[in-house]
Amino acid sequence: MKRALFFFLLIPFLAAQTATEVEITAEPSHHLALENEYTRVFKVEVAPHASTLMHRHGHDYVFVTLGDAHVSNEVEGRPPVDLTFADGDTRFVAGNFAHVAKNLGDQPFRNATIELLQDEKLRQTPSHWPEDRGEKTFPGGRSKILFVKDGVRVSEVNLEPGAIVPSHHHDGPHLLVAISDLDLRSDVEGMGPMPGKFKAGDVKSLPGGYTHTLTNVGKSPARFVAVEF
């Protein structure tokens, strides 16, 4: 009788523990990949039919989906929302909420989550980038601006084998998020060729202050997202 009473009293305690909110850095599916003054980047992987813990996003963020996905987004205090993503889907999310992400699919749910650490200040600062979703095409490729939020510009680039992104300048630091495997060559003005190989899901932090062309020297199409600060 005493043992039964003990377990009866324990049930609500365990339920409360299950719902306990954790910091994003303590959530087991979020793996910190890099951090600097502008951003924290997490590689996220949730096993099939598994869930994250309830965790808080204190900053606005961008996420890049890696592989097709079907998830339930369960924001604290709101009904669950059923979502489907295609490989490479890239979206902006306003922060300051807690949620559970439940993978409803048969494959791991993977993404790169890019927190914008200066979001509050940048929301008050006019952006020098236009808000329109401009698209540039060139032989064998295209570059499309997906959105400009919090003073950050996010673009997607697609390159067929041998295609070259024409010469362009990077004023400030930026991130490269590989959607596909990449075999690239960067030809920077005043410097020699710089090869770069990345696996799908890799995130690379790059400085600003240089002009270059970018060539897909691989045998497969290249697809990546650029996040410019």
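The values are calculated or read from the model by the stated rules, or taken from the named source; none is laboratory data. Note that the structure is a prediction, hence the values are computed from the model and not measured. Cβ placement follows ideal geometry from the backbone for every residue including glycine, while neighbour counts extend to all protein chains displayed. Only protein heavy atoms, including side chains, enter the accessible area calculation; ligands, DNA and RNA are left aside. Shrake-Rupley method; radii C 1.70, N 1.55, O 1.52, S 1.80 Å.
Quick notes on this structure:
- For q = 0.07 Å⁻¹, Debye-computed log10 I/I(0) when each Cα of the chain counts as one equal scatterer: -0.28
- Computed [θ] at 222 nm, helices only, for the chain once each DSSP H run of length n ≥ 4 contributes -39500 (n - 2.57): -3000 deg cm²/dmol
- Computed on the Cα atoms alone, the convex hull of segment 72-177 gives a volume of 147 cubic angstrom per residue.
- Accessible area per residue for the chain, computed on protein heavy atoms with a 1.4 Å probe, is 55 Å².
- Heavy-atom accessible surface of the chain: percent carbon and sulfur, 1.4 Å: 56
- Measuring between their Cα centroids, segment 159-229 and segment 37-80 lie 26 Å from each other.
- Total formal charge among the other residues, if their Cβ is under 14 angstrom from that of Asp181, Lys/Arg +1 and Asp/Glu -1: +2
- Estimated distance in nm for a label pair at Gln107 and Ser167, the labels positioned 7 Å out from Cα along Cα-to-Cβ: 4.0
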